[in-house]
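In what follows, a structure is listed as structure tokens, so that the remarks can point back to it.
The values are calculated or read from the model by the stated rules, or taken from the named source; none is laboratory data. The structure displayed is predicted, hence computed values, not measured ones. Note that we place each Cβ from the backbone using ideal geometry, even for glycine, and neighbour counts take in every protein chain shown. To get the accessible areas, we keep the full protein, side chains included, count just its heavy atoms, and leave off ligands, DNA and RNA. Shrake-Rupley method; radii C 1.70, N 1.55, O 1.52, S 1.80 Å.
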Amino acid sequence: MFLNTLTPKFYVALTGTSSLISGLILIFEWWYFRKYGTSFIEQVSVSHLRPLLGGVDSSTPSNSNSTNGEADSSRQSVSECKVWRNPLNLFRGAEYNRYTWVTGREPLTYYDMNLSAQDHQTFFTCDSDHLRPADAIMQKAWRERNPQARISAAHEALELEDCATAYILLAEEEATTIMEAERLFKQALKAGESCYRRSQQLQHHGTQYEAQHRRDTNVLVYIKRRLAMCSRKLGRTREAVKMMRDLMKEFPLLSMFNIHENLLESLLELQNYADVQAVLAKYDDISLPKSATICYTAALLKARAVSDKFSPEAASRRGLSTAEMNAVEAIHRAVEFNPHVPKYLLEMKSLILPPEHILKRGDSEAIAYAFFHLQHWKRVEGALNLLHCTWEGTFRMIPYPLEKGHLFYPYPICTETADRELLPTVFHEVSVYPKKELPFFILFTAGLCSFTAMLALLTHQFPELMGVFAKAFLSTLFAPLNFIMEKVESILPSSLWHQLTRI
């Protein structure tokens, strides 16, 4: 009896109310997903309903485990956001300053130069510098903010004795050409080798002598590496490769300078791909820290084997071969490590001069890599085409939100902030991690659901008024059609129109 007494208005109201509630839930879910990157319903189900239904809550086995997990994640975030010295950094006087003279723009930020000053104090000074007058002057020079004051202090130190670090400062900041910088580094090498031999004999006589030897070792390695870079920039690439190999054999434990990345770039310039593969086999190891140079060079070598014959149309018809699959997987691996590189390699974003420090997996590392390696990708026929066709597919394999990665740790959220400190944001737009946008279907469904719910509710509350609106809307919608029909009737003879209507 109750069901028989229900009127159609009740069903309209019931449908409208349910549509309204579902639409509101959908809108709230969409807003929560956009803001926090996770589903509210899923989060509530996992966090609150599963424990009530007898599920195992992995987050509460013991307080010690959760504490250790938080400590591990914090350590990981600190290491991921660590700023590294750019192994291919340019010369301030011969390259950065020339850019400033031509464009009037400062390519280096204050934060970047301040980090360089800290590096110089760490590598080129020690506690016993006050015992030697020239080293005492250079200890103050590295702390000077004014470039002219640093250069004047270096000249003052050279008036007292041959000081290797003074030559280094002049080669880096005063020399206006690479040839002039190379000449000063050769003078620094003579002074640095003599200091290194003296400290090597006395290093076991106490902690003071050990610190001097460590400082002299850093100075000698830095000089030899920069001399090799000068040879590379002046076109003597084979000489540069020999110097880098000798340096890596002489000081195998000094991996902080990342000399192997300089070696990889020089070997690619020589198109000596077999030696490049040998270097990658040694340094592309799971136990060693990765870099964009390592990952993208490995991808380039695998792409080189298939890129000249690769065609996306042919691959879609017959599927990918084993070699093509290996190349695509290598590209996906590289893009997951640093997703900013492809836009620079494909010239979708303009390059700037690389900074003196980089953040691994960040925009600064992408600029530093593409600045030197874009020419090597262009040299391999079809490599950029293969990259263009496959790099965006990486993001379909990475979980979203970025709670975990696919092959590496989740992409750190701190990179954008650090890159804005390292890069000149005045004339460069910092690249950020590509955000996964919601599909159009979700937005369309939310709008359609809300619209129909509102129509049902208004029809229930104001049936007569909505009827008037519906008639007006339909008449407006069919007005063009009625106008065309009237024109057709006025043009065609009535007998012909009568026969058409009968048909």
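Some observations on this one:
- The range 287-437, accessible area per residue, ligands and nucleic acids excluded (1.4 Å, Å²): 45 Å²
- When each of 82/349; 190/378; 302/343 is checked by Cα-Cα distance, pairs over 31 Å: 190/378
- Each peptide in 412-424, 92-104 receives the mean, over its residues, of other Cβ atoms within 10 Å, and ordering these scores from highest gives 412-424, 92-104.
- Theoretical FRET efficiency, 1/(1+(r/R0)^6), r = Cβ-Cβ of residue 474 and residue 27, R0 35 Å, to 0.05: 0.75
- Accessible area of residue 389 in the full protein assembly, 1.4 Å probe (Å², nearest 10): 60 Å²
- Solvent-accessible area assigned to carbon and sulfur over the range 287-437 amounts to 52 percent, based on a 1.4 Å probe.
- Between residue 322 and residue 236, full extension at 0.36 nm per residue minus the direct alpha carbon distance yields a gain of 27.1 nm.
- Under the shape rule built on the C-alpha gyration tensor, where the axes satisfy a ≥ b ≥ c, the range 109-270 is oblate, since a/c reaches at least 1.5 while a/b does not exceed b/c.
- In the range 109-270, the portion of solvent-accessible area held by carbon and sulfur atoms comes to 51 percent [1.4 Å probe, whole percent, DNA, RNA and ligands not counted].
- Since only 260, 220, 122 are under comparison, the one whose Cα sits farthest along the positive direction of the charge dipole of the range 109-270, derived from C-beta charges on Lys, Arg, Asp and Glu, is 260.
- The stretch between residue 314 and residue 462, if pulled fully straight at 0.36 nm per residue, gains 47.2 nm over its current Cα-Cα span.
- Take residue 392: with every protein chain present and a 1.4 Å probe, its accessible area is about 110 Å².
- Rounded FRET efficiency, nearest 0.05, which uses the C-beta distance separating residue 396 from residue 144 and R0 of 41 Å: 0.20
- Potential lengthening of the chain between residue 416 and residue 186 amounts to 78.9 nm, from the contour at 0.36 nm per residue minus the alpha-carbon distance.
- Modelled this way, with points 7 Å down the Cα-to-C-beta line, the labels at residue 385 and residue 117 are 5.1 nm from one another.
- Approximating the spin labels as points 7 Å out from Cα along Cα→Cβ, the residue 484-to-residue 427 distance works out to 5.7 nm.
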